[in-house]
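Everything below concerns the one structure shown next.
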Amino acid sequence: MKKIAILNGPNLNRLGKREPEIYGTATLKDLEKLVRAEAKKLGVKVKFFQSNHEGVLVDMVHAFADFGTEGFIVNFAAYSHTSIALHDALKSTGLPAIEVHISDIKKREKFRRHSMTAGACVGMISGQGFPGYVEALRRLAKL
């Protein structure tokens, strides 16, 4: 069974409360439930992790890679736009990753329009809301 790790970055623990006009009213738990249902259909095992701390996310990328993860879905949130460390952590694994953003980063503030971490990924899905995670899972399941 293919193993996919899903890492969410800062403030995504606030989904459902944080800027609902941008992110909606569904929670991180709702997202996990949606993705788990699709993973079951695809015969894929998923592990979720969320942290507000960059170094912890770097450590978890390494840990998941070292313990048999075969791909990543990442939403590093604000760190996507600033973190060379997370870019390098993903690259160091040699594993495929797809970056997901709930909102369309190309339609957000100028500082959000470029992702530092996307260059370490095989693809990016932006602006599809929670279904973007499902699409990322489907793509990784095929690799």
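The rows are residues; the columns are (1) in contact with a Ser or Thr (Cβ under 6 Å, 6 or more places away or on another chain); (2) of a type in the set (Gly, Ala, Ser); (3) without any contact (Cβ under 8 Å) to a residue 12 or more places away in the chain.
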| position | (1), (2), (3) |
| --- | --- |
| Thr82 | no, no, no |
| Lys107 | no, no, no |
| Thr117 | yes, no, no |
| Ala120 | no, yes, no |
| Ile125 | no, no, no |
| Phe130 | no, no, no |
| Val134 | no, no, no |
| Leu137 | no, no, no |
| Ala141 | no, yes, no |
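Does the stretch 92-101 contain any residue that is of a type in the set (Gly, Ala, Ser), in contact with a Lys or Arg (Cβ under 7 Å, 6 or more places away or on another chain) and part of a strand (DSSP E or B)?
no
Computed from the coordinates by the stated procedures, all read-outs in this text should not be read as laboratory data. Given the structure is predicted, the values throughout are model-derived calculations rather than measurements. Methodologically, a virtual Cβ is constructed for each residue, glycine included, from the backbone with ideal geometry; neighbour enumeration extends over all protein chains shown.
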